[in-house]
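Taken together, the values in this text are just the output of simple stated rules run on the coordinates, not laboratory data. The shown structure was predicted, so the numbers you read here are calculated from the model rather than taken from an experiment. Because the Cβ atoms are built from the backbone with ideal geometry, glycine has one as well, and the counts that use them run over all protein chains shown.
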Amino acid sequence: MLNTDKAICSSDQQLFTELTPEEGAVIEGGADLELYNGDKFRGRILATNKSRRNVGDTANDLTTSAIVKRGTWLLWTGANYTGTSRRVGVGRYPNLYFDIGLPNDSISSVQRVK
């Protein structure tokens, strides 16, 4: 039985953080696109459900493999949807160079098109 006479935590501790719908979906494994820095899906560096003009420092020019769970995406070699792109649909891409012809470690932005 819980003793309600004792404080469980001090009032200045934050027990919960409000998440955006995308963050919640990613935590639940619901990301539509996952990027990895190693081939064959080793080292996940980005999981997203929306377009990203810049994939950020953790994924920029580091992506070697990808999994598309839902939708159709353009993977771009430049930030802000510039450079060379390849369209990918639902599937597993263990090595982007061999699978779709993009150099490894070249993805800078991702754009959901469907």
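Could you give me the residue pairs with C-beta distances under 6 Å whose first residue belongs to region 40-53 and is more than 14 Å from Leu75 (Cβ to Cβ) and without any contact (Cβ under 8 Å) to a residue 24 or more places away in the chain, whose second residue is among the small types (Gly, Ala, Ser) and assigned to a loop (DSSP other than H, G, I, E, B) wherever it lies, and which are 6+ apart or on separate chains?
Ala47/Ala31
Being within 20 Å of Lys114 (Cβ to Cβ) and either surrounded by 16 or more Cβ atoms within 10 Å (Cβ to Cβ) or among the small types (Gly, Ala, Ser) (or both) is the filter here; which residues of region 36-73 pass it?
Residues of region 36-73 within 20 Å of Lys114 (Cβ to Cβ): 46-53, 55, 66-73.
Once the filter is applied, which keeps residues that are within 20 Å of Lys114 (Cβ to Cβ) and either surrounded by 16 or more Cβ atoms within 10 Å (Cβ to Cβ) or among the small types (Gly, Ala, Ser) (or both), region 36-73 yields Leu46, Ala47, Thr48, Asn49, Ser51, Arg52, Val55, Ala66, Ile67, Val68, Gly71, Trp73.
Just for region 75-98: of the residues that are under 23 Å from Gly30 (Cβ atoms) and surrounded by 16 or more Cβ atoms within 10 Å (Cβ to Cβ), which one is nearest to the chain's Cα centre (by Cα)?
We begin by selecting, within region 75-98, every residue under 23 Å from Gly30 (Cβ atoms); these are 75, 87-94, 96.
Then drop every residue that is not surrounded by 16 or more Cβ atoms within 10 Å (Cβ to Cβ), which leaves 75, 88, 93-94, 96.
Working: Leu75: 12, Val88: 15, Tyr93: 14, Pro94: 15, Leu96: 16 Å.
It comes out as Leu75.
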